[in-house]
Amino acid sequence: MARRETSFICQNCGAVYGRWQGKCDACGEWNTIAEEASARAQMPGRAPRKGRLFALEPLAGAAHDAPRLASGVAEFDRVTGGGFVRGSVLLLGGDPGIGKSTLLIQVAAALARGRHRSVYISGEEAVAQVRLRAERLGLSSASVELAAETAIEDIVATLGDGETPRLVIIDSIQTMWTDLVESAPGTVTQVRASAQALIRFAKRSGAAVILVGHVTKDGQIAGPRVVEHMVDAVLSFEGEGSHQFRILRAVKNRFGPTDEIGVFEMTGGGLREVANPSELFLSERDLGAPGTAVFAGIEGSRPLLVEIQALVAPTSLGTPRRAVVGWDPNRLSMVLAVLEAHCGVRLSGHDVYLNVAGGLRIQEPAADLAAAAALVSSLADAPLPADAVYFGEISLSGAVRPVAQTAARLKEAQKLGFARAVAPEGSGEQAPALKCVGSLATLVAEIAANGRRRMENGRRNSAGG
Ligand code: TYD
Ligand code: MG
């Protein structure tokens with residue numbers, strides 16, 4: 001009697017163990033290890049197949065025609081790097097309810113309108129539900145082909161029959177299952193095997209395939225992470241529940257840039273493309289309030305103005321709180337340390353909260369100067385000029401360092417009616433109303449001079465700066 005071989009696989013990172021344990025040693029997650037049939041036991045009674053010979057091809061072969069197919073949803077195409085590449089597989093991840101299905105039905109409809117065959121396979125919703133959504137989005141007339149299916153073999157067979165679709169959407173990979181493995185849908189083994197089958201189909205047929213993957217923090221459902229290295233591109237769709245802004249970001253892209261973002265707004269009629277995100281992110285500005293600074297940033301190739309809000313308040317706790325939304329907490333700690341060490345700003349008795357407006361996440365070090373300005377503005381109760389933007393990297397010595405793409409930042413600021421810019425020294429001649437600051441201490445002293453609240457110990461110490 002052959003013993004049924006099983007192994008224990010972490011549903012979060014895919015690490016394999018010989019027996020069950022509560023915590024995965026590889027990724028540190030708890031309760032993520034589940035029993036699955038091991039790969040060897042999956043095809044009982046079948047001898048290993050002898051390999052078939054195939055022809056090797058030179059690198060300089062004839063390339064395919066039309067290497068990219070633009071979907072027509074400009075913000076989506078911007079993130080993929082200009083459209084779908086033939087035979088490529090793309091993973092779209094995001095929290096449940098963020099709008100992945102909505103985005104993809106809109107993309108499928110846009111492509112169908114351009115007379116390309118696009119197929120939408122839903123494993124989560126019935127055809128009627130998908131139709132209902134399309135109706136709400138005003139897309140009922142688009143010639144997207146629908147199915148509610150979860151069996152990979154059936155899907156691949158159906159897609160391979162007749163004209164090859166240009167785009168296939170699988171919503172979601174966690175609901176798919178293949179006969180080849182025994183595990184339940186949603187487990188790492190199933191997700192991986194299903195993805196593999198679809199990737200093979202894409203490479204063979206030339207169709208572009210989009211896999212939807214839910215990201216769950218508790219690790220109960222197999223994270224699409226195990227698929228990330230198998231696909232050509234990984235996009236993540238992000239947003240704050242309370243905001244209607246949605247940001248599409250490329251996490252990995254074999255055929256394009258990874259720093260571009262696409263901005264959408266969730267409306268009653270589906271996702272609306274936001275061609276000029278700066279206007280949107282600044283639309284709710286609280287003019288004249290202390291603790292806010294406008295940061296002139298760059299996301300990918302596009303300048304983006306966004307408001308950085310800070311609140312500095314006396315603490316009632318032994319260890320003051322530092323809370324950040326939308327920015328790197330380590331950079332905040334660094335800026336706070338520089339403010340203390342070089343500008344005489346005492347913050348150890350204050351709670352510090354920093355928020356990037358609109359639910360955007362900033363990664364650029366160029367935001368240092370804007371964050372510092374907002375912090376000092378809040379502490380000193382000194383509103384910053386409403387028509388000024390800030391950018392520049394702060395070094396540990398307190399110097400303000402130049403950043404890339406100054407001209408693009410200033411141009412965007414000018415376009416949106418900002419008359420002044422506070423920027424690193426040397427960004428010079430580009431605009432008349434540009435104020436260059438060489439050190440953070442200079443800026444701090446200047447903001448504090450207009451303050452309605454005296455900064456304890458601060459003004460005196462920074463006077464020399
Ligand atoms: P959905 O695309 O189903 O999310 P996902 O596939 O990522 O789970 O979107 C669900 C949310 O979007 C839901 O909370 C309702 C909202 N929504 C709108 O606000 N307007 C719309 O036109 C649609 C279709 C959805
Ligand atoms: Mg969905």
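The values are calculated or read from the model by the stated rules, or taken from the named source; none is laboratory data. Predicted model only: the values in this text are computed from it and were never measured. In this analysis, Cβ positions are derived from the backbone assuming ideal geometry, glycine residues included, and neighbour counts consider all displayed protein chains. Side chains are part of the model used for accessible areas, which takes the heavy atoms of the whole protein and leaves out ligands, DNA and RNA. Shrake-Rupley method; radii C 1.70, N 1.55, O 1.52, S 1.80 Å.
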Exercise for the section: Sort by residue number and report every cysteine in the chain with no other cysteine beta carbon within a distance under 4.7 Å. Expected result: Cys343, Cys436
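Compute the length gained on full extension between Asp154 and Arg254: take 0.36 nm times their separation in residues and subtract their Cα-Cα distance, giving the result in nm to one decimal.
Numbers: separation 100, 0.36 × 100 = 36.00 nm, distance 2.89 nm.
Gain on extension, Asp154 to Arg254, equals 33.1 nm.
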Exercise for the section: Rounded to the nearest 0.05, what FRET efficiency do Gln21 and Val215 give with R0 = 22 Å and r taken as the Cβ-Cβ distance? Could you check? Expected result: 0.35
Completion exercise
Among the Cα-Cα pairs of the range 57-180, the proportion with separation greater than 24 Å, in percent, is 29 percent
Practice task
Roll a 1.4 angstrom probe over the protein heavy atoms and tell me the percent of accessible area of the range 274-344 that is carbon or sulfur.
Solution key: 52 percent
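To check you understand DSSP bridge types, tell me what percent of the beta bridges within the range 65-176 (both residues inside) are antiparallel, rounded to 5.
Numbers: 2 of 10 bridges.
Of the beta bridges lying entirely in the range 65-176, close to 20 percent run antiparallel.
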Exercise for the section: Taking a cut-off of 28 Å between Cα atoms, list the lysines near Lys23, but don't count ones fewer than 8 places away on the same chain. Expected result: Lys217
Exercise for the section: Determine the shape class of the range 169-215: with a ≥ b ≥ c the square roots of the Cα gyration tensor eigenvalues, call it rounded for a/c under 1.5, and otherwise prolate if a/b is greater than b/c, oblate otherwise. Expected result: oblate
Practice task
Treating the Cα atoms of the range 290-443 as identical point scatterers in vacuum, please give the log10 of the normalised Debye intensity I(q)/I(0) at q = 0.16, 0.18 Å⁻¹, two decimals.
Solution key: -0.80, -1.02
Exercise for the section: Work out, step by step, the length gained on full extension between Leu56 and Ala341: first 0.36 nm times the residue separation, then minus their alpha carbon distance; give nm to one decimal. Expected result: 96.3 nm
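Taking only protein heavy atoms into account and a 1.4 Å probe, give the accessible area per residue of the range 335-400 in Å².
On the way: 1660 Å² over 66 residues.
Per residue, the range 335-400 has 25 Å² of solvent-accessible surface.
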Practice task
Calculate the translational D of the chain in whole µm² s⁻¹ from Stokes-Einstein, where the hydrodynamic radius comes from the Kirkwood formula applied to all Cα pairs, the temperature is 20 °C and the viscosity 1.002 mPa s.
Solution key: 85 µm²/s
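Step through the table entries Lys252/Lys411; Lys50/Lys252; Lys50/Lys203, compare each Cα-Cα distance with 31 Å, and write down the pairs that go over it. Could you put the intermediate results ahead of the total?
Values: Lys252/Lys411 29 Å; Lys50/Lys252 35 Å; Lys50/Lys203 23 Å.
With Cα atoms farther than 31 Å apart: Lys50/Lys252.
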Practice task
Quickly work out the Glu182-to-Ala419 label distance, labels modelled 7 Å from Cα along the C-beta direction, and quote it in nm with one decimal.
Solution key: 7.6 nm
Exercise for the section: Give the Rg (one decimal place) followed by the Dmax (whole number) of the range 366-423, computed from C-alpha coordinates and expressed in Å. Expected result: 11.9, 33
Completion exercise
For the range 122-245, the accessible surface attributable to carbon and sulfur atoms (probe 1.4 angstrom, ligands and nucleic acids excluded) amounts in percent to 50 percent
Exercise for the section: List the residues of the range 352-393 whose backbone N lies under 13 Å from a point placed 7 Å from the Cα of Leu317 along the Cα-to-Cβ direction. Expected result: 352-354
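I need to check one value: relative contact order of the range 90-203, counting alpha carbon pairs closer than 8 Å and at least 6 residues apart, in percent.
Values: 152 pairs, mean separation 28.4, N = 114.
So the answer I get is 25 percent.
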Practice task
Could you work out how far apart the two model spin labels at Arg452 and Arg361 are, taking each label as a point 7 Å from the Cα in the direction of the beta carbon, and quote it in nm?
Solution key: 3.6 nm
Practice task
Starting from the Cα of Lys435, draw a straight line to each of the aspartates and glutamates and keep only those under 18 Å, dropping any in the same chain fewer than 8 residues away.
Solution key: Asp368, Asp387, Glu393, Glu412, Glu425, Glu446
Handout entry: In the range 267-364, GluC sites (Glu not before Pro) in a DSSP loop with at most 14 other beta-carbon atoms within 10 Å
Key = Glu284
Fill in the blank from the handout: antiparallel share of DSSP beta bridges within the range 266-421, to nearest 5, in %, is 70 percent
Practice task
Please give the helix 100-113 orientation as an angle from the longest Cα principal axis of the chain, in degrees from 0 to 90, rounded to the nearest 10.
Solution key: 70 degrees
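Going by average Cβ neighbours within 10 Å, how do the peptides 354-360, 207-213 rank, with the highest at the top? Working shown, then result.
Numbers: 354-360: 22.3, 207-213: 26.9.
Highest mean packing first, the order is 207-213, 354-360.
To the nearest 20 debye, what is the magnitude of the charge dipole of the chain about its Cα centre, counting +1 on the Cβ of each Lys and Arg and -1 on the Cβ of each Asp and Glu?
On the way: 49 positive and 49 negative charges, 127 e Å.
I would put it at about 620 debye.
Quick one: work out the % antiparallel among DSSP beta bridges in the range 118-262, nearest 5. Could the numbers behind the result be given before it?
Working: 8 of 21 bridges.
Beta bridges within the range 118-262, antiparallel portion: roughly 40 percent.
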Handout entry: Added length on full extension, which subtracts the Cα-Cα distance from 0.36 nm per residue, Met230 to Arg272
Key = 12.1 nm
Completion exercise
Measure of exposure for His229: accessible area at 1.4 Å probe, Å² rounded to 10, is 130 Å²
